[in-house]
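The values are calculated or read from the model by the stated rules, or taken from the named source; none is laboratory data. Being a predicted model, the structure only gives us computed values, none of them experimental. Quick reminder, even Gly has a Cβ in these numbers, built from the backbone with ideal geometry, and neighbours come from all protein chains shown.
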Amino acid sequence: MVHKFYGFNGIASPYLPELDANVDTRTAWYTLHRRFFRATATAMGSIVGNLDWMGGLVVRHVIHDDIDLERYDSGRSLLLTYRDVGLIRADEFKGGTSLEFKGGVVYDTRDVEASPGKGIFAELYLTANTDLSRWKYNYGQLVAHFRHYVTIFPGRWVFAYHLGFQHQLWGEIPYYALNEMASSFYPYEEMDGLGSRTTVRGIINNRVAAAGYAWANIEFRVTPFKFNLFNQHFDMVLNPFMDICGITRTYRLEEQKAAVSPYPDIPLYQDKKLPIMLSFGIGGKIQMNTNFVMSFDVGRGLDPQVGTWTVSTSSTYLF
């Protein structure tokens, strides 16, 4: 499948929109081919009350390659340039296979799992990733999520927010795993990249790649219309939102600063800092009963170097 690679450390990597995939100019500077396989098994058990333990295994296999379509200039891309200047090591360039062990605790007091009106859903766990390809890129991460749902007007208004944190604690992450967002469960197939419908709406998909992230999603869920049809209950929901994200640990930043681009007009680093990236937008939901949600979100990032208009659909709420 076609995938995007925008470099390391978010806005530290310049984004030039004119170099994105364009058949007329034969450019695909940020595009690559990616094949991805993931298998996961997770177990949970009660500790006390609403507090559970969680443990699991995840096997991942990732293959990356430069785009090879004849209509693009396949010899010129950011992925190949990073390899040529040493920002991507030769032994990690094509991808690899890893085994992840994860364990921690889950606290859940939601009243309804698919569309909560009140309660807390929180997770705290560690991951330990073993490189099965080379026994070299082994690393561990601390992952935390705190989701809180507050009823303002019963059945009509809900204030909801999600705080996310993912941070490398030890070892070295291979570049192709930077965009893998750890999760105790996978509501989406891809779950890759800070930015897009799975993390921060309005930020370009996979735009922010680093060794540590923090982000927040804040929204009001307003239900102006309710009706029954074919013996089913439907809710029409609007959710204006604000999303926030930032980098908590950079990735090969000093090497990136020192790297010399072979293309004078395309720098690999810019001395621009954006500690907090913001986006705003609105979504619409059609909810059937309490177990099915069709979602549509439109968002816009404030800084054009990392954000743009994004439109996404899914069969669940973002969080």
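Quick notes on this one:
- Applying the set (1) touching a strand residue (DSSP E or B) at 6+ places or on another chain (Cβ under 7 Å); (2) aliphatic (A, V, I, L, M); (3) within 28 Å of residue 29 (Cβ to Cβ); (4) not in a strand (DSSP E or B) to residue 318 leaves exactly one unmet item: (3).
- Total residues in the stretch 274-297 satisfying the condition of being free of Cβ contacts under 8 Å to residues at least 60 places away in the same chain, surrounded by fewer than 18 Cβ atoms within 10 Å (Cβ to Cβ) and under 18 Å from residue 201 (Cα atoms): the figure is 6.
- Check on residue 223, among the β-branched types (Val, Ile, Thr) and either closer than 25 Å to residue 175 by Cβ or at pLDDT below 95 (or both): no
- Residue check for residue 236: assigned to a strand (DSSP E or B), surrounded by fewer than 16 Cβ atoms within 10 Å (Cβ to Cβ) and modelled with pLDDT under 95: no
- Among residues of the stretch 254-265, those that are buried (at least 16 other Cβ atoms within 10 Å of the Cβ) and either free of Cβ contacts under 8 Å to residues at least 40 places away in the same chain or outside any loop (DSSP other than H, G, I, E, B) (or both), counted: 1
- Hey, residue 66 surrounded by 15 or more Cβ atoms within 10 Å (Cβ to Cβ), touching a helix residue (DSSP H, G or I) at 6+ places or on another chain (Cβ under 9 Å), charged (D, E, K, R) and at pLDDT below 90 or not: yes
- Among the residues listed as 62, 85, the single one being hydrophobic (A, V, I, L, M, F, W, C) and touching a Lys or Arg at 6+ places or on another chain (Cβ under 8 Å): 62
- Subset of the stretch 86-143 (residues that are among the basic types (Lys, Arg) and farther than 20 Å from residue 175 by Cβ): 102, 110, 118
- Strands (runs of 3 or more DSSP E) enclosed by the stretch 1-82 - at least 3 residues per element that are charged (D, E, K, R): 31-48, 51-66
- Identity of the residue in the stretch 121-147, in a strand (DSSP E or B) and among the aromatic types (Phe, Trp, Tyr), that ends up nearest to the chain's Cα centre (by Cα): 146
- Looking only at the stretch 101-131, and only at residues there that are free of Cβ contacts under 8 Å to residues at least 40 places away in the same chain and touching a Ser or Thr at 6+ places or on another chain (Cβ under 7 Å), the one that is farthest from residue 42 (Cα to Cα): 119
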